[in-house]
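Only the coordinates and a few stated rules stand behind these numbers; no lab work does. As the structure is a computational prediction, the values presented were derived from the model and not from experiment. Please note: Cβ atoms are built from the backbone with ideal geometry, for glycine as well, and neighbour counts cover all protein chains shown.
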Amino acid sequence: MSDYARKPKRKYCQFCKDKVEYIDYKDVNTLKKFMTDRGKIKPRRVSGNCAQHQHQLATAIKRAREMALVPYTVPVVSGRVDGRRR
Amino acid sequence: MKAYEVMLIIDPSLDDDGREALLSKVRGVITADGGVVDSEDAWGKRKLAYEIAGLAEADYHVLMFHADAPTVAELDRVLKITDPVVRFKIIRRDDLD
């Protein structure tokens, strides 16, 4: 499914649901859930995060990038990613 | 004292003795002025998401500690001039105070 695919259901901030106080930049698996397969940070309209948590998440992802835990970008191999034209 | 966290990316070619010496130096800087090392986590060798200084993988270490601001400034200075430390990050942990 596309990263930017529209979901009809109302989204709710995952971090509010789990009552997360601090988003850890070391927790790569959580961060990856909020990144596209190209390594971009998913926008709030896609992730459904609240402003506070989206801000924390963005900071965490940027920290993780600096420490080479997650990539800045994932280079395109053939001009097509999972069968879709970019 | 406030809670901090430091992550070190160490050159993987450094031998065990050298790494231990480096880590005890870091601990020494933290504890020299009344700081306390709370926990230490050795992640071991991990693949880097992108190449840093020609390295494809590196040795990760995470230390959680409590210290005062001057100690953190000193740690920052020491790490900057420590060659085997490829990259490091000191982060203030408000949530752990």
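Kindly provide the pair-distance distribution of the protein assembly as shown built from C-alpha pairs, with 5 Å bins from 0 and whole-percent values in order of increasing distance.
Distribution as computed: 1, 7, 14, 16, 16, 15, 12, 8, 5, 3, 1, 0 percent.
Let me know the volume per residue of the alpha-carbon convex hull for segment B:30-97, in Å³.
Per-residue hull volume (Cα only) is 104 Å³.
Just check segment A:14-73 against the gyration tensor rule for me: Cα atoms, a ≥ b ≥ c as the square roots of the eigenvalues, rounded for a/c under 1.5, and otherwise prolate or oblate depending on whether a/b exceeds b/c.
oblate
How far is helix B:69-80 tilted, in degrees, relative to the longest principal axis of the Cα atoms in chain B, given as a value from 0 to 90 rounded to the nearest 10?
Tilt of helix B:69-80: around 20 degrees.
By the scheme Lys and Arg +1, Asp and Glu -1, what is the net charge of all other residues having a beta-carbon under 9 Å from that of residue B:88? Numbers along the way, then the final one.
On the way: positive: B:80, B:87, B:89; negative: B:76.
Charge balance near residue B:88 sits at +2.
Taking a 24 Å limit on the Cα-Cα distance, which of the listed pairs A:32/B:45; A:62/B:47; B:47/B:89; A:42/B:45 fall beyond it?
A:42/B:45
Taking Cα atoms, how many degrees apart are the long axis of helix B:16-32 and the longest axis of chain B, rounded to 10 and kept between 0 and 90?
Once rounded, the angle reads 20 degrees.
Tell me what chain B gives for mean residue ellipticity at 222 nm when only DSSP H runs of n ≥ 4 count, each as -39,500 (n - 2.57), the sum divided by the residue total, rounded to 500 deg cm²/dmol.
-9500 deg cm²/dmol
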